[in-house]
Every structure is written in C-alpha cells, then in structure tokens.
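Here is the structure we will look at, set down as structure tokens.
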C-alpha cells in the first residue's frame, strides 16, 4: 500500500545540511535525506527550521565596527 506524506523539499549547502541533521536528533522532522544538498522535511516544522537556521547564521556573522 502506498503512503503519501506531506513535506517540503529543501535545497541547502552541506554545512546547513549538517546543522539540520543535528537539529533532527532532538525533534524528528526530516522525512528523507536525499543527497548532500537536498532534504525532504515535514511541512509542519518548516518555520521552526527556518528560524533555527536564521539564528545560527546571525550568531556566526561578523559585523565590522561592532563591539566584541
């Protein structure tokens, strides 16, 4: 019997993929790890995944002239 699952295909670089795989250990949202740049995730977790990646990218951004 065929089972349909609603999800979202994400294209990301390998570094972001590794972050998502680590986040997935806490809360299972990845349906299928397709290859080095594509993941198929549960659509209900899309906003949380985007927020987590944005927070990580902002914390790793260097701003010139910003206090340490």
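Each reported figure results from applying straightforward, stated rules to the coordinates on display, with no laboratory input. None of the values given here were measured: they were computed from a predicted structure. Note that we place each Cβ from the backbone using ideal geometry, even for glycine, and neighbour counts take in every protein chain shown.
At-a-glance table
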{"item": "Helix 46-59 axis, angle to the chain major axis (alpha carbon atoms, nearest 10°)", "result": "20 degrees"}
{"item": "Mean separation of Cα contacts under 8 Å (6+ apart) over length of the chain, as relative contact order %", "result": "33 percent"}
{"item": "Residues 1, 57, sorted so that the one with the fewest Cβ neighbours within 10 Å comes first", "result": "1, 57"}
{"item": "Correct choice for log10 I(q)/I(0) by the Debye sum over Cα atoms at q = 0.15, 0.16, 0.19, 0.26 Å⁻¹ that was computed from the model, options [x] -0.54, -0.59, -0.71, -1.02; [y] -0.46, -0.51, -0.69, -1.09; [z] -0.53, -0.59, -0.76, -1.21", "result": "[z]"}
{"item": "Per-residue Cβ neighbour rank within 10 angstrom, fewest leading, 5, 64, 19, 49", "result": "64, 5, 19, 49"}
{"item": "Angle between the chain longest axis and helix 14-26 axis [Cα atoms, degrees, rounded to 10]", "result": "70 degrees"}
